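Asks: The structure under discussion is supplied below as structure tokens; questions concerning it will follow.
The values are calculated or read from the model by the stated rules, or taken from the named source; none is laboratory data. Predicted model only: the values in this text are computed from it and were never measured. Positions of Cβ are backbone-derived with ideal geometry, glycine not excepted, and every protein chain shown enters the neighbour counts. The protein model used for the area step is the full one, side chains on, heavy atoms only, and it has no ligands, DNA or RNA in it. Shrake-Rupley method; radii C 1.70, N 1.55, O 1.52, S 1.80 Å.
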Amino acid sequence: MDATKILIIEDDITLNKQIAALLKDRGFDVHQCHDGNQGLVTALRERFDLILLDVLLPNLNGFSLLSQLRKRKQTPVIMVTACGAEQERIKGYSNGADDYMPKPFSFVEMMLRIEALLRRSLNVKSNEVTRNSIVVDEITLDRRNLKANFAGKALDLTSTQFKLLWVLLENQNEVLSKPLLYQTVLERSFSRYDR
């Protein structure tokens with residue numbers, strides 16, 4: 001099976017390189033563009049499984065690029081921007097964005113969002129996602145059978161509890177936000193009315 005193809009359209013060369021290196025280390029096939037026109041041509045010419053798209057790009061901004069892309073392709077797109085204002089997020093979603101990440105962001109969160117979007121949109125699993133078991137100290141999780149054990153004793157967990165434990169163990173020593181956990185475990189956005 002071919003590696004999952006991701007296109008990064010980001011004019012910050014340093015950030016573009018950092019994201020590309022991280023994704024390549026995870027086994028993704030990564031292509032990079034640094035301006036809007038080049039990004040649009042590349043996105044239309046080739047097939048990608050996901051696009052990371054900066055909003056503020058030279059020659060053609062991310063919103064215009066996304067509008068033109070959506071006329072011909074439905075490739076999943078995560079918008080990346082230095083401005084996380086609500087109006088800008090609404091504009092991105094209205095133009096067809098699948099997710100939104102304000103800068104600065106943690107690379108752990110970025111990977112979780114990418115993996116969650118790939119799972120939902122294409123049922124394509126990255127090397128991280130295809131792992132079927134986790135063992136941490138005395139806890140053992142078996143994703144194939146949704147079974148959890150602690151010190152050799154079976155734990156009775158709901159599927160949501162199992163997913164939550166899986167995400168927490170996969171990201172040990174990282175602080176994960178409540179909205180991120182809602183998105184990765186429940187696969188829905190966090191509402192301010194959620195408890």
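Asks: Among the listed pairs K24/K163; K5/K163; K5/K71; K5/K73, which have their C-alpha atoms separated by more than 23 angstrom in this model?
Replies: K24/K163; K5/K163
Asks: Moving on to the next point. For segment 1-91, state the average projected area of the convex hull of the C-alpha atoms over all orientations, rounded to one decimal in nm².
Replies: Convex hull of Cα atoms, orientation-averaged projection: 5.9 nm².
Asks: Could you compute how much accessible surface M111 exposes when probed at 1.4 Å, giving the result in Å² to the nearest 10?
Replies: Counting only protein heavy atoms, the figure is 10 Å².
Asks: On to the next question. At a Cα cut-off below 14 Å, give the aspartates and glutamates reachable from K153, other chains included and same-chain residues fewer than 8 away excluded.
Replies: Straight-distance partners of K153: D137, E138, D142.
Asks: What share of the DSSP beta bridges in segment 1-128 is antiparallel, in percent to the nearest 5?
Replies: 0
Asks: For the peptides 3-13, 67-77, what is the packing order when you average, over each peptide's residues, the other Cβ atoms within 10 Å and list the highest mean first?
Replies: Answer by packing, highest mean first, reads 3-13, 67-77.
Asks: Would you work out the relative contact order for segment 1-156, in percent, from Cα pairs under 8 angstrom that are 6 or more residues apart?
Replies: In percent, rounded to a whole number, it is 17.
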